[in-house]
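Structure first, commentary second.
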Amino acid sequence: RKRASSSVARAEAAGDAIPATPATPAVASRSSAVATSSESKRIVLLCAIAMLLASADRTIFSLGSLAIAADLSLNMHALGLLQSSFLWGYGFTQILGGVAADEFGGARVLLVGLGLWSIAVAAIPFCASTSAPVAAMVAARVVFGAASGCALPGSAAAVASYVTPERRAGALSVIFTLFNCGSAFGLLLAGGLISTLGWQSVFAVFGGVGVAWSAFGIAALPEVARRGKRKEKPELSDGAAEVSSGENAAANDAVAGWGNLPGWMYAQLFAIGWCHVCVNWGFFILQSWLPVYLAKDLGFSLGGSGLASALPWFLTAFTCGATGVASDALLKNGAERWKVRRLMMNIATIGPCVALLLLPLAKSATIAVALLGVMLGSQAVAIGGYLAYMQDVAPARAGAFLGVTNTVGVAAGIAANVLTGFLVERTGGFDAVFLVTAGVYASSAMVWNAFLKGRMLFPGDADAVGDDVGGGGGGAVADAASGRR
């Protein structure tokens, strides 16, 4: 035991992860809360459709806002207030949503949140008929955003808890493929409903569907997901028990809590958080302003703007699916997991950067829409990057930490929307917005390649959830976790 502890100390002093013991015996979990393959697939599908509705519920307002403004005689200041009010509530509950997802189970928390935010979405038409429509709709949008705070951390925690490591990128690709399809379908359906039944019908339909899916999903969850997160430690065979106890004692002493971490770990967490912020910056700009850009700079009508806005999101959905397939194939062929995540993040940051730099040079609407498709499609590859990476290096805390980084990312999204409005008003177009956003993506690529090498952040947590943080194929825990080149 002393020899094991001294080995841990030397590894930490050298800035490396705890090395794996040769021929580590198999782990047999004591917990009965281990999802079978079919249960995992059911959980992923339920979460994926919830995320589809989450995305659709957000984008329908971006298109419907123009009709709302015309109906209620709102100026652009009031419309901007309504647009940003979602992010006020959304940012406020990110950390809470992440903690709840880790504690009670990501799938269950996500589906309950879906029911709550769908009620807020359905309430928008009723708010508009009150004596103070703007204040009432702002309140409903804040509630919508607050209840949506569990969406990303909930889905991430569900995948981390109930999907095996080598299949996580594929599971995330399914979830975020449907998430991006939600943006596309939301824009397409919103245009048709607004034209035929009025803008009120959009919120009533999507709100009602969300409540129905929430109730169905909660009832359809496997028993393993209803009980929440599995917390029992795995049971090690006798040959591994003594070494494991020495390693875990040293590891858990070093990472006892979020407020008492080694200095190197804060740098790693900051780097992951920064990359998340950069992806959110570009995503929230296009989610909020894409129909406006198409109408203002490219001259699309309301219906045409909805159709053109949907096309890049369909490409994004396809890219999400391809990312999962490609990541899983690379891992099965023996690629180290952290190197696969790095490849995906390079695509997700360098691709949007190049597309945004070319966008001001576009001479036609067709080329501009194609570049927007490249931008959104390539940034969607991040699901196989930072989202999967966080579950690799901190599986037991993925939901909580993604809640933290998404809170900061939402703050960045608010700042991005404010800056976008300022730059468009001052310059008369979106060219400056695209150049600034390209720089943000470039900084993410540089930070990721400089700092994130697959080092295991909370080694004791990996044992607690029975996770393997090693590379693909050979299970080389030490190399993948420490980030050895």
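The values are calculated or read from the model by the stated rules, or taken from the named source; none is laboratory data. It should be emphasised that the depicted structure is a prediction, and the values quoted were computed from it without experimental measurement. Here the Cβ is made from the backbone with ideal geometry for all residues, glycine too, and neighbour counts use every protein chain on show. Just so you know, the surface numbers come from the protein's heavy atoms only, side chains and all, with ligands and any DNA or RNA stripped out. Shrake-Rupley method; radii C 1.70, N 1.55, O 1.52, S 1.80 Å.
Checking every residue in the range 256-267 against the condition of being within 20 Å of the chain's Cα centre (by Cα), in a helix (DSSP H, G or I) and at pLDDT 80 or above gives zero matches. Do the conditions hold for Phe176, that is, is it in a helix (DSSP H, G or I), at pLDDT 85 or above and among the aromatic types (Phe, Trp, Tyr)? Spelling it out, it is not the case that Phe176 is in a helix (DSSP H, G or I), at pLDDT 85 or above and among the aromatic types (Phe, Trp, Tyr). The C-beta contact set for the range 59-71 (first residue among the acidic types (Asp, Glu), second residue open to solvent by 20 Å² or more (accessible area, probe 1.4 Å) and assigned to a helix (DSSP H, G or I), distance under 7 angstrom, 6+ apart or interchain) is empty.
Answer with yes or no whether Ala78 is open to solvent by less than 10 Å² (accessible area, probe 1.4 Å), at pLDDT below 90 and in a helix (DSSP H, G or I). No: the conditions fail for Ala78. Only one entry of Ser183, Ser195, Ser201 meets the criterion of being within 30 Å of Cys127 (Cα to Cα), at pLDDT 85 or above, of a type in the set (S, T, N, Q) and part of a helix (DSSP H, G or I), and that entry is Ser201.
Let's see how each residue does on (1) crowded, with 24+ Cβ neighbours inside 10 Å; (2) closer than 28 Å to Gly97 by Cβ; (3) touching a residue at least 24 places away in the same chain (Cβ under 8 Å):
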residue	(1), (2), (3)
Thr366	no, no, no
Leu372	yes, no, yes
Ala388	yes, yes, yes
Pro395	yes, yes, yes
Val408	no, yes, yes
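For the range 149-165, the count of residues that are out of contact with any Asp or Glu (no Cβ under 9 Å at 6 or more places or on another chain), crowded, with 19+ Cβ neighbours inside 10 Å, among the β-branched types (Val, Ile, Thr) and outside any helix (DSSP H, G or I) is nonzero. Residues that are closer than 15 Å to Ile49 by Cα and open to solvent by 20 Å² or more (accessible area, probe 1.4 Å) within the range 101-121 comprise Arg108, Val109, Val112, listed in sequence order. Could you check, for the range 199-220, whether at least one of its residues is over 19 Å from Ala147 (Cβ atoms) and under 24 Å from the mean Cα position of the chain (by Cα)? Yes, the conditions are met somewhere in the range 199-220. Checking the stated criteria, Ala136 turns out not to satisfy the condition of being touching a residue at least 24 places away in the same chain (Cβ under 8 Å), assigned to a helix (DSSP H, G or I), open to solvent by less than 50 Å² (accessible area, probe 1.4 Å) and not basic (Lys, Arg). The one condition from (1) closer than 15 Å to Phe176 by Cβ; (2) in contact with a helix residue (DSSP H, G or I) (Cβ under 6 Å, 6 or more places away or on another chain) that Phe283 does not meet is (2). Answer yes if at least one residue in the range 52-71 is modelled with pLDDT of 85 or more, β-branched (Val, Ile, Thr), in a helix (DSSP H, G or I) and surrounded by fewer than 19 Cβ atoms within 10 Å (Cβ to Cβ), and no otherwise. No, the range 52-71 contains no residue that is modelled with pLDDT of 85 or more, β-branched (Val, Ile, Thr), in a helix (DSSP H, G or I) and surrounded by fewer than 19 Cβ atoms within 10 Å (Cβ to Cβ).
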